[in-house]
Amino acid sequence: MDIAIVTGATGGIGYHTALQLAEDGKQVIIAARGRERGLAAAARTGGTWWELDLGDLASVRRFAQRFLESYGRLDLLINNAGVMAVPRRELTTDGFERQFGVNHLGHFALTGLLMPALRAAAAPRVVTVTSGLHRRGRIDFDDLMGERRYRQFGAYSQSKLANVLFALELARRTGLTSVLAHPGVAHTDLARTGSAMRDVIIRLVRLSAQSAEAGALPILRAASGPEVRTGQAYGPDGPGERRGRPTLIQVSGRGRDEAAARRLWSISEELTGVRYGTLTNAQ
């Protein structure tokens with residue numbers, strides 16, 4: 001039985017991803033913070049909840065160590081959890097801007113720490129969930145943590161672009177099947193803008209959104225499709241990639257910037273203390 005980890009799978013897109021993977025016969029670990037919601041999601045999906053706070057590197061290390069001690073391999077890692085449009089600048093336990101820290105650095109550290117288990121699998125796959133908003137993102141290497149200027153959607157778009165750069169660099173460095181996916185516009189409770197006007201805009205956008213179950217389909221395609229190749233990306237096939245059936249898509253030019261990806265990788269190693277080492281064992 002294949003072993004899969006899905007981060008942030010207590011609700012929304014992550015929950016439907018975990019549910020389908022479990023129905024497909026995989027042993028699913030729901031990696032999330034809240035005990036009550038985690039246990040409830042595990043009961044509904046048939047998976048198992050393990051505590052993981054991606055905003056706390058000590059928690060990431062505890063989770064990875066527990067997994068390495070419990071299992072000999074990891075077949076599928078889905079880096080799904082995230083926070084969106086945090087109204088005011090907040091910091092993680094380790095002092096990182098919350099969206100960059102949770103959405104990118106937490107997953108960067110988790111993937112690196114789980115690398116021995118991924119390498120032990122016959123055909124390991126890592127799926128990193130991004131957003132169509134990565135196309136608006138810019139990596140501000142001079143102000144990654146938004147100390148000089150914080151814009152909630154700018155910080156979110158930066159973190160989603162970081163997901164793209166990370167996933168493609170992971171493919172280049174390791175040879176693992178590293179794939180991207182984005183759900184389009186789906187009904188979730190992810191965004192919390194803190195602005196009445198922006199909340200109205202988000203509600204209007206959601207009128208044309210697809211369900212969380214439909215939003216999970218590109219992730220499931222990236223996770224299970226036999227035709228999937230490393231470095232690819234999947235999203236909805238409708239106008240603007242907002243909704244529709246999963247299809248192969250292209251990421252932005254900034255997402256394919258290899259120099260930026262190498263620089264971000266080096267900074268991420270320094271910030272998290274997680275170093276992937278020399279990785280030449282391609283699958």
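The values are calculated or read from the model by the stated rules, or taken from the named source; none is laboratory data. Not measured: the values here are computed from a predicted model. Virtual Cβ from ideal backbone geometry, glycine too; neighbours counted across all protein chains shown.
Numerical summary
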{"read-out": "Segment 225-283, subset of a type in the set (Asp, Glu) and outside any loop (DSSP other than H, G, I, E, B), residue modelled with the lowest pLDDT", "value": "GLU241"}
{"read-out": "Failed condition for THR177, given (1) within 25 Å of SER224 (Cα to Cα); (2) of a type in the set (Ser, Thr, Tyr); (3) in contact with a Leu (Cβ under 7 Å, 6 or more places away or on another chain)", "value": "(3)"}
{"read-out": "Residue count, segment 46-96 (criterion: in a loop (DSSP other than H, G, I, E, B), among the hydroxyl-bearing types (Ser, Thr, Tyr) and out of contact with any Lys or Arg (no Cβ under 6 Å at 6 or more places or on another chain))", "value": "2"}
{"read-out": "Inter-residue pairs, beta-carbon under 6 Å, first over 16 Å from LEU76 (Cα atoms) and in segment 227-238, second β-branched (Val, Ile, Thr) and surrounded by fewer than 17 Cβ atoms within 10 Å (Cβ to Cβ), 6+ apart", "value": "ASP237/THR247"}
{"read-out": "Single match in ALA18, ALA58 (criterion: at pLDDT 95 or above and within 26 Å of SER224 (Cβ to Cβ))", "value": "ALA18"}
{"read-out": "Residues (among the β-branched types (Val, Ile, Thr) and in a strand (DSSP E or B)) located in segment 1-45", "value": "ILE3, ILE5, VAL6, THR7, VAL28, ILE29, ILE30"}
{"read-out": "Total residues in segment 40-96, condition touching a strand residue (DSSP E or B) at 6+ places or on another chain (Cβ under 9 Å), hydroxyl-bearing (Ser, Thr, Tyr) and either closer than 19 Å to VAL127 by Cα or in contact (Cβ under 8 Å) with a residue 40 or more places away in the chain (or both)", "value": "1"}
